[in-house]
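Here is the structure we will look at.
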């Protein structure tokens, strides 16, 4: 089954998003910040979609996205940012890092699940 | 500056003279003050439970605590020095003849006939900051919407925002997050009680369901509520203009014994109170206090709401594909 990696320092969001995705048939791995996200991605080749917050301790989500494309040389995993941030500067940086899309919190699962499934199943 | 919001403030009235009550009430009504009158003997209890006062109006011959009013004022000042105390006297509307021990406790004195002379002092001590109406209204909207997404099966009730001088921390849990912009620099603080929030988690009313729940679970809930409000605040009210990060900072001081937090400024704070109520009456109401403390910089004349470009019209929760 395709894996989705949910990266957020908030346990509330990890629970909310993770539970929703599991209920909709997706397999979920979670990480608590960008550094943990990179480690989880390195360890599991089945991850096809990363859903990540931007503002996190240790390593933010945009830096993690840049490292996924750069250091990990992983150009295939789909990355979606799920964040309170909504500034053009942030989004431009995300686009440059090859992220696929942007969602401003709060999470509304029904609005995105169809696309998430497509992205997770490659 | 845009139109300023008309704010109110709660004042504790220690008065047992029925003839004067009407004068004080009329003055409060005219100056956007909400009088709070304690039961006899309960002034200090009220001070322990009310964390959102703007000032105290006290009668020099007040007998409600069964003792010397000036000594009561001294006791109040010892525990709540940030609250201005206005002393009503029978003849003199000054403090000159009070013993040194008491004189410094009071902000000003007045008589029934000179109460209106307090107006400028009320403005100076409580309503010294003007807040744009769009900001005050927007904060309420953002916060109410956030609470509705983070708590299930509750109705979020709001009260008219008000000014406080209290520095007392409500409940056991509070969060702080900085707000930095070209028109404001300071903090947003959320405060609540641990007990009801733990019960909300255990009852499955949050996105973390755990039974039994512990303090870490509710930390996560409040953390995300704070994060969501902060994000929405930034998106709506903080422009992309760069802020000079080399600007000054001051230490925040928390005294756990006295449940007291200082931001280094004596200015009054903008306060909102939200109550989460279960329409079926099954859950204990959960009260959240939200304060905005612009202790580092406040320039409301530069305030403006961010314009939303048509191409950016993605609702929160919608996926914007690149």
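The values are calculated or read from the model by the stated rules, or taken from the named source; none is laboratory data. Computed from a predicted structure; not experimentally measured. Every residue, glycine among them, receives a Cβ derived from its backbone with ideal geometry; neighbour counts consider all protein chains shown.
Per-residue answers, yes or no, for (1) within 14 Å of another protein chain (Cβ to nearest Cβ); (2) in contact with a strand residue (DSSP E or B) (Cβ under 9 Å, 6 or more places away or on another chain); (3) in contact (Cβ under 8 Å) with a residue 24 or more places away in the chain; (4) surrounded by fewer than 14 Cβ atoms within 10 Å (Cβ to Cβ):
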| position | (1), (2), (3), (4) |
| --- | --- |
| B:77 | no, yes, yes, no |
| B:86 | no, yes, yes, no |
| B:93 | no, yes, yes, no |
| B:100 | no, no, no, yes |
| B:111 | no, yes, no, no |
| B:114 | no, no, no, no |
| B:118 | no, yes, yes, no |
| B:124 | no, no, no, yes |
| B:143 | yes, yes, yes, no |
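Restricting to the range B:201-213, what's the tally of residues that are within 12 Å of chain A (Cβ to nearest Cβ) and either more than 24 Å from residue A:21 (Cβ to Cβ) or in a loop (DSSP other than H, G, I, E, B) (or both)? Let's see the steps before the verdict.
The initial filter retains those residues of the range B:201-213 that are within 12 Å of chain A (Cβ to nearest Cβ), namely B:201, B:204, B:206-210, B:213.
Subsequent filtering for residues that are either more than 24 Å from residue A:21 (Cβ to Cβ) or in a loop (DSSP other than H, G, I, E, B) (or both) retains B:204, B:206-210, B:213.
Matching residues across the range B:201-213 total 7.
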Only one residue in A:68, A:79, A:99, A:113 is buried (at least 16 other Cβ atoms within 10 Å of the Cβ) and more than 13 Å from every other protein chain (Cβ to nearest Cβ). Which one?
-> A:68
Collect the residues in the range B:227-240 that are assigned to a loop (DSSP other than H, G, I, E, B) and either in contact with a helix residue (DSSP H, G or I) (Cβ under 6 Å, 6 or more places away or on another chain) or at the interface with another protein chain (Cβ under 8 Å from one of its Cβ atoms) (or both), keeping them in residue-number order.
-> B:240
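Let's see how each residue does on (1) in the same structural domain as residue B:154 (by TED's automatic domain parsing); (2) touching a helix residue (DSSP H, G or I) at 6+ places or on another chain (Cβ under 6 Å); (3) within 23 Å of residue B:166 (Cα to Cα); (4) surrounded by 14 or more Cβ atoms within 10 Å (Cβ to Cβ):
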position: B:225; (1), (2), (3), (4): yes, yes, no, yes
position: B:242; (1), (2), (3), (4): yes, no, no, no
position: B:250; (1), (2), (3), (4): yes, no, yes, no
position: B:271; (1), (2), (3), (4): yes, no, yes, yes
position: B:287; (1), (2), (3), (4): yes, no, yes, yes
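So which of A:24, A:74, A:58, A:15 is surrounded by fewer than 24 Cβ atoms within 10 Å (Cβ to Cβ) and within 14 Å of chain B (Cβ to nearest Cβ)?
Details: A:24 fails: within 14 Å of chain B (Cβ to nearest Cβ); A:74 fails: within 14 Å of chain B (Cβ to nearest Cβ); A:58 fails: within 14 Å of chain B (Cβ to nearest Cβ).
Criteria check complete, one pass: A:15.
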Residue tally, condition touching a helix residue (DSSP H, G or I) at 6+ places or on another chain (Cβ under 6 Å), in contact (Cβ under 8 Å) with a residue 60 or more places away in the chain and in a loop (DSSP other than H, G, I, E, B), over the range A:10-30 | 2
Unique residue being buried (at least 16 other Cβ atoms within 10 Å of the Cβ) and in the same structural domain as residue B:230 (by TED's automatic domain parsing) when the list is B:217, B:211 = B:217
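Quick check on residue B:120: is it closer than 30 Å to residue B:306 by Cβ and at pLDDT 90 or above? Please lay out each step first, then the result.
Numbers: closer than 30 Å to residue B:306 by Cβ: no; at pLDDT 90 or above: yes.
Judged against the criteria, residue B:120 is not a match.
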For residue B:222, which of the numbered conditions (1) part of a strand (DSSP E or B); (2) within 14 Å of another protein chain (Cβ to nearest Cβ) fails to hold?
-> (1)
